[in-house]
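**Q** Quick one: this structure, given as structure tokens, is what I'll be asking you about.
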Amino acid sequence: MQDHIADKALQIIREAALTAQKIGESGQFTVEEKSANNPLSEADLAADRILRGLSDLIPGSVYYSEEREDDGMRLSSPWVWIVDPIDGTIEFIEGIPEYAVSVALLCRGEVRFSAVANPYDALFYSVGTEMMEEKLGNYRPDCLAPLCISRSEAKSNLFDELSEQMDLQAVGSIAYKLALVAFGVFEGVISLRPKNEWDVAAGVGLVQASGRVACDLMGRMPVWNQPKKVAGVLAGERNHIMGLLSNHPFLGWFRQKNPRFVL
């Protein structure tokens, strides 16, 4: 990816994140329900309008966003922007500073550029294997446990049994959690529910650029630009992930939930 394209993409992503922050801090924004527990805020749409400009940076590239209908053209396109205008809309609505703009650029299924922007923390990005962090604010969750998990999954009691045996920390947006893992704040992250590609492509791209590992809950490496969801996420330092899987309490619990896991 050429440097001038990356620079323009980062400018667009930064603008989208700061626009969402401004809307959120106004305290006056509309929210509707796309489906149960799947809200859509005014900020999601505003960020999406800004991010739509990414497709102008590479002629013929396809813009694939959570907030736009998937017409299937991305499946045959060599260049695809995979975008979540706000990953962690529930956190955004509740005023929790753990949401993020998530953008990955694919070339023939390979991530060439990843960016996750939390306006209260940082713009995390990678171009190829080069990784950078640009501070946008002063927030950063204290690392109280090596493994971070989903706030919504924790609230749904999916980790109750495991939390009796291990220290886990709930954090918002999966894209943000993956970025924090990629930059060494947490040693690993696990999310049990199926994910759309726009939720995780950018974060996984950062994890992989950092030399860490990411897979779905069956141990499969990610294959992007597919018509179906990703079967959850497990990511982090290879030794930490393998150590977790050799730890009897975790391994027994994890294999019970994911008997086909093969990592």
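Only the coordinates and a few stated rules stand behind these numbers; no lab work does. Given the structure is predicted, the values throughout are model-derived calculations rather than measurements. All Cβ positions, even for glycine, are placed from backbone atoms using ideal geometry, and neighbour counts span all protein chains on display.
**Q** Using the scaling law 2.2 N^0.38 Å as the reference, what is the normalised Cα Rg of segment 61-209?
**A** 1.04
**Q** Now for a separate question. Once R0 is set to 30 Å, what does the formula 1/(1 + (r/R0)^6) return for the Cβ-Cβ distance between E133 and I5, expressed as a FRET efficiency to the nearest 0.05?
**A** Taking R0 as 30 Å, the efficiency between E133 and I5 is 0.90.
**Q** While we're here: Just for the chain, what percent of DSSP beta bridges are antiparallel, to the closest 5?
**A** 75
**Q** Just the number, please: Stokes-Einstein D of segment 147-257 in µm²/s, Kirkwood Rh from C-alpha pairs, 4 °C, 1.567 mPa s.
**A** 94
**Q** Another question, then. Assign unit charges at the C-beta atoms only (+1 for Lys and Arg, -1 for Asp and Glu), then state the dipole size of segment 147-257 relative to its Cα centre in Debye, rounded to the nearest 20.
**A** Here segment 147-257 has a charge dipole of around 360 debye.
**Q** Test of understanding: express the Cα radius of gyration of the chain as a ratio to 2.2 N^0.38 Å, with N the residue count.
**A** Output field value: 0.95.
**Q** Here's another thing I want to ask about it. How big is the antiparallel share of DSSP beta bridges in segment 89-220, given as a percent to the nearest 5?
**A** Percentage antiparallel, nearest 5: 70.
**Q** Pairs of Cα atoms under 8 Å, at least six residues apart: use those to get the relative contact order of the chain, whole percent.
**A** It comes to 14 percent, rounded to a whole number.
**Q** I've got another one for you. Show me, for segment 82-97, the HN-Hα J-couplings you get by feeding each phi into the Karplus relation (A = 6.51, B = -1.76, C = 1.60, θ = phi - 60°), rounded to Hz, glycine and proline as x.
**A** 9, 10, 10, x, 9, 8, x, 4, 4, 4, 4, 5, 7, x, 8, x
**Q** Also, quick follow-up: If I model a spin label as a point 7 Å beyond the Cα along the Cα-Cβ vector, how far apart are those points for L168 and M242 in nm?
**A** The modelled label-to-label distance comes out at 2.5 nm.
**Q** Can I ask one more? In nanometres, what is the gap between the two model label sites at A145 and V185, each 7 Å from Cα along Cα-to-Cβ?
**A** Output for this residue pair reads 1.7 nm.
**Q** In segment 3-135, what percentage of the DSSP-assigned beta bridges are antiparallel, given to the nearest 5?
**A** 90
**Q** Can you give the longest run of the chain that contains no trypsin sites (Lys or Arg not before Pro) sitting in a DSSP loop with at most 10 other Cβ atoms inside 10 Å?
**A** By the stated rule (loop sites, at most 10 other Cβ atoms within 10 Å), 1-227.
**Q** Only sites in a loop by DSSP and with at most 11 other Cβ atoms within 10 Å count here; which GluC sites (Glu not before Pro) in segment 55-117 make the cut?
**A** Here the GluC sites (Glu not before Pro) that fit, given the DSSP loop and packing criteria, are E69.
**Q** Dipole magnitude of segment 3-135 about its Cα centre, charges +1 at Lys/Arg Cβ and -1 at Asp/Glu Cβ only, in debye to the nearest 20?
**A** Rounded to the nearest 20 debye, it is 440 debye.
**Q** Could you go through segment 210-216 in sequence order and give the Karplus-derived ³J(HN,Hα) for each residue, using 6.51 cos²θ - 1.76 cosθ + 1.60 with θ = phi - 60°, rounded to whole Hz, and x for Gly and Pro?
**A** 7, x, 8, 10, 8, 8, 8
**Q** Right, another one. How long is the gain from K34 to M73 if the chain were fully straight, where each residue apart is worth 0.36 nm and the alpha carbon distance is subtracted?
**A** Separation in residues times 0.36 nm, less the Cα-Cα distance, equals 11.7 nm.
**Q** With the cut-off at 22 Å, tell me which of the pairs K135/K229; K8/K229; K34/K228 have Cα atoms farther apart than that.
**A** Going by Cα-Cα distance, K135/K229; K8/K229 fall outside the 22 Å limit.
**Q** Still on this structure: With an 8 Å Cα cut-off and a minimum separation of 6 or more residues, compute the relative contact order for segment 3-91 in percent.
**A** About 27 percent, as a whole number.
**Q** Using a simple charge model, +1 on the beta-carbon of Lys and Arg, -1 on the beta-carbon of Asp and Glu, nothing else, what dipole does the chain show about its Cα centre, in debye to the nearest 20?
**A** In debye, rounded to 20, the chain gives about 800.
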